[in-house]
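This report refers to the structure that appears directly beneath it.
The values are calculated or read from the model by the stated rules, or taken from the named source; none is laboratory data. A quick note: this is a predicted structure, and the numbers were derived from the prediction, not measured. Methodologically, a virtual Cβ is constructed for each residue, glycine included, from the backbone with ideal geometry; neighbour enumeration extends over all protein chains shown. SASA here: full protein model, heavy atoms, side chains in, ligands and nucleic acids out. Shrake-Rupley method; radii C 1.70, N 1.55, O 1.52, S 1.80 Å.
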Amino acid sequence: MTTKQITVYAPASMANVSVGFDILGAAVSPIDGQHLGDCITVKAADTFSLKSEGHFVKKLPRNPKYNIVYQCWERFCQAMGKKLPVEMTLAKNMPIGSGLGSSACSVVGAFVALNEFFDRPFDEIQMLTMMGELEGRISGSVHYDNVAPCYLGGMQLILNAGGVISQSLPVFDDWYWVMAYPGIKVSTAEARAILPAQYKKQDCVDHGRHAGGFVHACYTNQPKLAAALMQDVIAEPYRKDLLPNFDNVRAGVAELGALASGISGSGPTMFVVAENKQQAEAISQWLQVHYLQNSDGFIHICKIDKQGARVIHRQ
Ligand SMILES: Nc1ncnc2c1ncn2[C@@H]1O[C@H](COP(=O)(O)OP(=O)(O)OP(=O)(O)O)[C@@H](O)[C@H]1O
Ligand SMILES: N[C@@H](CCO)C(=O)O
């Protein structure tokens, strides 16, 4: 008899996308088919256990109870009203504190794997609510701009009104997203703590124009206008010093024809938008030399991942 087992892949995500601090995020996956995200397996067992493996496992908390996957299991059991004896395995393929939604990958992967294993007791809203809660424990406040795209795929606009948490935006299918992780860590909680508590009126007006204009450009299929509006007056001016040589790197990729560039989530990963594959490859090579800081760093040429978290193995 085979033991019931499910493995879920939860993709990386880029929160904010420059124009939508805490309200916009997109899932991304490399065009070469590699997995950029965590994989979580849930298997039938007599007692609960959690095992972690993968390239970035050494960066996880030593005590498994501090692993967010353990806390997701506890929260899922609480929602089910009973302790669920399963063996969970986290393949930690994402660097922590990267700006690629590493904790969101673990949170989404854990909830989706448990929900699939127990034949979907929870609907999309219940799942997203629990995911936001768990992500909030780590970063200090509930924001859905990593968990929603990682779970649902595509580019997600966080609405949080009228019983709706998030809905997808149309995306520009031609765009390539070059994601460059320099290999250093930026803590989300710390990158949030350095932001001002209040903003000038002109910044609020510009932010509304950029965010509203970007959504309009997506719906009216105007890629050049959308790219021109990808500006961040909320986080980037305060966070850019956390990234290595941000202004020079941005100027360098612009010279290579990049349509836009910015900080992925709270950094230090940078995203760069290229209008074709050849340009994406040239930008990737340039970033390899000018942005990566050590051997942990990497660059992936990505497309928006429209599927989001998915079962990749079931038995
Ligand atoms: N499974 C897990 N994956 C990632 N981080 C975890 C996990 N379990 C616990 N943590 C802890 O959560 C914190 C995650 O920090 P942080 O939010 O800065 O990283 P992140 O999720 O990678 O950020 P970002 O969303 O910018 O990629 C770290 O202190 C880390 O030790
Ligand atoms: N919107 C969040 C995402 C963190 O990954 C922030 O920028 O702080």
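Relative to the dominant Cα principal axis of the chain, helix 201-219 is inclined by about 70°. Over 28 Å apart at the Cα level, from the set 185/224; 200/240; 201/277; 43/65; 65/306, are 185/224; 201/277; 65/306.
The calculated P(r) of segment 176-303, using every Cα pair and 10 Å bins from 0, goes 12, 40, 36, 12, 0 in percent. Taking all Cα pairs closer than 8 Å and separated by 6 or more residues, the relative contact order of the chain comes to 28 percent. I'd like the distance between the alpha-carbon centres of segment 127-168 and segment 32-89, rounded to an integer number of Å. About 20 Å separates the Cα centre of segment 127-168 from the one of segment 32-89. Over all pairs of different C-alpha atoms, the chain has a mean inverse distance whose reciprocal, the Kirkwood radius, equals 19.7 Å. Dividing the radius of gyration of the alpha carbons in segment 64-213 by their Kirkwood radius gives 0.99 for Rg/Rh. Can you find, among 252, 44, 68, the residue farthest towards the positive end of the dipole of the chain? Put +1 on the C-beta of Lys and Arg, -1 on that of Asp and Glu. Going by the Cα projections, it comes out as 44.
Counting only protein heavy atoms and a 1.4 Å probe, segment 176-303 has 47 square angstrom of accessible area per residue.
Of the accessible area of the chain, computed with a 1.4 Å probe over protein heavy atoms only, carbon and sulfur atoms account for 49 percent.
Restricting the trypsin sites (Lys or Arg not before Pro) of segment 1-61 to loop positions (DSSP other than H, G, I, E, B) with no more than 15 neighbouring Cβ atoms within 10 Å leaves 4. Looking at the calculated P(r) for segment 206-259, what percent of the C-alpha pair distances fall above 19 Å? It works out to 40 percent of all Cα pairs. Once backbone amide H atoms are built at 1.01 Å from N, residue 23 has 16 as its partners under 5 Å, excluding neighbours fewer than 5 places away on the same chain. Of the trypsin sites (Lys or Arg not before Pro) found in segment 109-202, those that fall in a DSSP loop while having at most 11 other beta-carbon atoms within 10 Å are 200. Couplings 3J(HN,Hα) of segment 292-297, computed from phi: 6, 9, 7, 6, 6, x Hz, in residue order, whole Hz [Karplus 6.51 cos²θ - 1.76 cosθ + 1.60, θ = phi - 60°; x for Gly and Pro]. Other residues within the sphere of radius under 11 Å centred on the Cβ of residue 16, judged by their own Cβ, net out at -3 (K and R +1, D and E -1). Where q = 0.14, 0.18, 0.22, 0.26 Å⁻¹, what log10 of I(q)/I(0) comes from the Debye formula for segment 102-169, counting one point per Cα? For the requested q values the scattering log ratios are -0.37, -0.62, -0.92, -1.22. Compute the accessible area per residue over segment 1-116, keeping the other protein chains in place, probe 1.4 Å, unit Å². About 38 Å² of surface per residue is accessible.
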